[in-house]
């Protein structure tokens with residue numbers, strides 16, 4: 001009976017859980033597109049049928065990406081910190097990021113079952129992120 005419970009409760013969730021590698025791959029793609037000022041490619045990291053795609057298109061249009069480059073600079077590096085278990089978005093991966101103008105910040109994201117972006121926070125902070133960062137030191 002315990003084996004059946006495991007199969008029905010745990011195994012299905014294993015199919016949709018995302019790994020550190022999945023999150024790092026998404027962040028790598030974002031870094032490439034951001035540094036090359038390819039807002040359209042960033043937009044395509046979300047599912048095309050997302051109900052909020054209009055907002056994403058406005059958030060990553062050419063002018064916005066140019067403005068972000070002027071304010072923050074190029075994304076020089078990122079380091080996976082962990083999952084923010086205190087955030088309301090399950091599986092929110094946190095990265096320590098370094099920009100050429102503003103220096104170190106944090107970025108977070110999570111992915112859907114097809115490894116598209118579900119949530120993306122360009123520059124973010126929270127108590128949960130602070131705990132992750134302090135645990136890293």
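The values are calculated or read from the model by the stated rules, or taken from the named source; none is laboratory data. Worth saying up front: this structure is predicted, and the values here are computed from it rather than measured. So basically every Cβ, Gly included, is an ideal-geometry build from the backbone, and we count neighbours across all protein chains shown.
Odds and ends about this structure:
- Residue 67 being in a helix (DSSP H, G or I) and either touching a residue at least 12 places away in the same chain (Cβ under 8 Å) or surrounded by fewer than 13 Cβ atoms within 10 Å (Cβ to Cβ) (or both): yes
- Taking (1) touching a residue at least 24 places away in the same chain (Cβ under 8 Å); (2) on the phi < 0 side of the Ramachandran plot; (3) in a loop (DSSP other than H, G, I, E, B) in turn, residue 49 satisfies each apart from (1).
- Pick from the range 78-87, criterion on the phi < 0 side of the Ramachandran plot and within 14 Å of the chain's Cα centre (by Cα), ranking: surrounded by the most Cβ atoms within 10 Å (Cβ to Cβ): 84
- When the range 125-137 is filtered for residues that are surrounded by fewer than 14 Cβ atoms within 10 Å (Cβ to Cβ) and part of a loop (DSSP other than H, G, I, E, B), the ones remaining, listed by number, are 125, 137.
- The residues of the range 72-97 that are in a strand (DSSP E or B) and farther than 21 Å from residue 41 by Cα, listed by number, are 79, 80, 81, 82, 83, 94, 96.
- Any hit, the range 113-124, residues being exposed (fewer than 15 other Cβ atoms within 10 Å of the Cβ), touching a strand residue (DSSP E or B) at 6+ places or on another chain (Cβ under 6 Å), farther than 18 Å from residue 31 by Cα and at pLDDT below 95: no
- Close pairs (8 angstrom Cβ cut-off, 6 or more residues apart or separate chains): on the phi > 0 side of the Ramachandran plot and at pLDDT 95 or above in the range 23-42, loosely packed, with under 15 Cβ neighbours inside 10 Å and part of a helix (DSSP H, G or I) anywhere: 37/62; 37/66
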